[in-house]
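Please read the structure below before turning to the comments.
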Amino acid sequence: MKKLLTSRTVTTLALLTAVVSTSAFGSMIVAKAETPAATAASKDKPAIQAKAVPSPRLLTPTNHTLLMIDHQPQMAFGTSSINIQDLRNNVTGLAKAAKAFNVPTVLTTVASKSFSGPIFPEIQAVFPDQQPIDRTTMDAWEDQRVVDKVNSYGNKKLVISGLWTEVCDLSAALSAIDQGYEVYIVTDTSGGVSKEAHDMAIQRMIQAGVTPITWEQYLLELQRDWARSETYKATTDIAKEHGGAYGLGIIYSQEMFGGKEGH
């Protein structure tokens, strides 16, 4: 019995010693971290004085031009990276967004009379008075008329959408960015002959400095403040018609309890 008690006592003392040692070591670490030198160093860091202003990297209605390339039947026939019904819906939403915010928009087609057919009727309906610039070049940026039209608006940012992603979009984006433009590519209003072709083209553009966006992101980035009443109705109307579940949510909230974003 005495031997058993002695063994238990030794074991208990050993555990207590380990706990005390660990606690003491932890206290030393805390004490070291809270030394005056460490506190003084943190105080030397300059405080960030942020302001409630938007990033210059954001798109606004007046800082960019939209270039819509080769949204035509023959090009759509060969597109498989996106469902064509979705493509047409998204492209129409993009065009309407640009029109609602008075964004300078350049329409261009390739071989419309001899091979590719006319621009999507939905796009032409948004811009009924604009005749697309018809080209023979796959790279729209190799047609001086297209470049001159883009240059004429004087905007440094250029948003591109078109078919196919890996040919017409890619070549125009790389050409424009190498000449000083800040280029954005609308990924869900563009399409390639395969998902891999589309994805690899987007990756290649990103590596070159192109910024990828989606059409609904584009719409809401231009609005950005629900207090902007002059474009509020147009924005929500476009979302209701082309914005899928988001648009349905707007319809529901307005019909059920007169919901309205903003104040």
message: What number comes out for accessible area per residue over region 85-173 if the probe is 1.4 Å? Units Å², please.
response: 43
query: How long are the three semi-axes of the equivalent ellipsoid of region 100-175, in whole Å, if each is the root of 5 times an eigenvalue of the C-alpha gyration tensor, listed from largest down?
result: 18, 17, 12
message: Can you compute 3J(HN,Hα) from phi for each residue in region 91-106, using the Karplus curve 6.51 cos²θ - 1.76 cosθ + 1.60 with θ = phi - 60°, rounded to whole Hz and x for Gly and Pro?
response: 4, 5, x, 5, 4, 5, 4, 4, 5, 4, 9, 6, 7, x, 10, 10
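At 0.692 mPa s and 37 °C, plugging the Kirkwood radius over alpha-carbon pairs of region 158-258 into Stokes-Einstein gives what diffusion coefficient in µm²/s? Walk me through the numbers on the way to the answer.
Values: Rh = 15.1 Å.
D = 218 µm²/s.
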statement: Summing +1 per Lys or Arg and -1 per Asp or Glu among the other residues with Cβ less than 12 Å from ILE202's Cβ gives -3
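Using mean Cβ contacts within 10 Å as the protection proxy, how do 144-154, 75-85, 160-170 order, highest first? Write out the running numbers ahead of the final one.
Working: 144-154: 14.3, 75-85: 16.2, 160-170: 26.8.
Output ranking for 144-154, 75-85, 160-170: 160-170, 75-85, 144-154.
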- request: Pop out the ³J(HN,Hα) list for region 80-88 in order, Karplus 6.51 cos²θ - 1.76 cosθ + 1.60 with θ = phi - 60°, rounded to Hz; leave Gly and Pro as x.
  value: 10, 7, 8, 4, 5, 5, 5, 4, 5
- prompt: Tell me, what HN-Hα J-couplings in whole Hz come from the Karplus equation 6.51 cos²θ - 1.76 cosθ + 1.60 at θ = phi - 60° for each residue of region 136-142, using x for Gly and Pro?
  reply: 10, 7, 5, 8, 4, 6, 8
query: Arranged from highest to lowest average of other beta-carbon atoms within 10 Å per residue, in what order do the peptides 62-70, 222-230, 110-118 appear?
result: 62-70, 110-118, 222-230
statement: Counting only residues 5 or more apart in sequence or on a different chain, those whose built amide H sits under 5 Å from that of VAL183 are LEU158, THR211
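The values are calculated or read from the model by the stated rules, or taken from the named source; none is laboratory data. These figures come from a predicted structure and were not determined experimentally. Virtual Cβ from ideal backbone geometry, glycine too; neighbours counted across all protein chains shown. For accessibility, only protein heavy atoms count, side chains too; no ligands or nucleic acids. Shrake-Rupley method; radii C 1.70, N 1.55, O 1.52, S 1.80 Å.
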